[in-house]
Amino acid sequence: MKAITFLILIGISSFSFEKDCSDAYSAADDTYSYAKKAFNADSWENSKTYLKKAMSSADDAMSYSSDCECDDAYYAADDSYSYAKKGYNTNSWDDTKSFAKKAMSSADDAMSYANDCNN
């Protein structure tokens, strides 16, 4: 009887250790969307506005990735944040668009890694 109880407890505890990185994925998806809007914006001001939102979403993606212990998603979200910040702080619209594209790519990587951590 003790052996059966022990096996049941092990089975229950193993379910509680499954990672749920769906919030990290969602925040990375938001980062991607904002970075894409920044890349496609029709004014430099709008590009910067969207990159500011991308930075916020990337910060959320980093936090959620840390919570679900998905290091690869965390580092990709951190890269996305860095690119969005560089784009936001640049003195050229072309550079802003270039960094927005890099932020999109890193956000896409973060989504992929977060999805992998769910499996």
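The values are calculated or read from the model by the stated rules, or taken from the named source; none is laboratory data. If you're wondering where the values come from, they're calculated on a predicted model, not measured in any experiment. Positions of Cβ are generated from backbone atoms using ideal geometry, with glycine treated the same way; all protein chains shown enter the neighbour counts. Keep in mind that these areas ignore ligands, DNA and RNA; they rest on the heavy atoms of the full protein, side chains included. Shrake-Rupley method; radii C 1.70, N 1.55, O 1.52, S 1.80 Å.
3J(HN,Hα) along the stretch 103-114, derived from phi through the Karplus expression 6.51 cos²θ - 1.76 cosθ + 1.60 where θ = phi - 60°, amounts to 5, 4, 4, 5, 5, 4, 4, 4, 4, 4, 5, 5 Hz, with x in place of Gly and Pro.
Backbone amide hydrogens, once placed in the peptide plane, bring Cys68 within less than 5 Å of nothing, excluding anything fewer than 5 places away on its chain. Can you list the residues of the stretch 21-38 with backbone N under 17 Å from a point 7 Å past the Cα of Asp67, pointing along Cα to Cβ? Answer for the stretch 21-38: 21-31. Accessible surface calculations at 1.4 Å, restricted to protein heavy atoms, place the stretch 14-82 at 58 Å² per residue. Here the Karplus relation 6.51 cos²θ - 1.76 cosθ + 1.60, evaluated at θ = phi - 60°, turns the backbone of the stretch 45-57 into coupling constants of 4, 5, 4, 5, 4, 5, 5, 4, 5, 5, 4, 5, 5 Hz, with x for every Gly and Pro. How would you classify the stretch 8-119 from its alpha-carbon gyration tensor, with a ≥ b ≥ c the square roots of the eigenvalues: rounded for a/c under 1.5, else prolate if a/b is greater than b/c, otherwise oblate? It comes out prolate by the Cα gyration axes.
Using only the C-alpha atoms, the convex hull of the stretch 56-119 corresponds to 53 Å³ per residue. For the stretch 45-119, averaging the sequence separation of C-alpha pairs within contact (under 8 Å, six or more residues apart) and dividing by the residue count gives a relative contact order of 35 percent.
With a simple spin-label model that places each label point 7 Å from the Cα along the Cα-to-Cβ direction, the separation between Ser82 and Lys101 comes to 2.0 nm.
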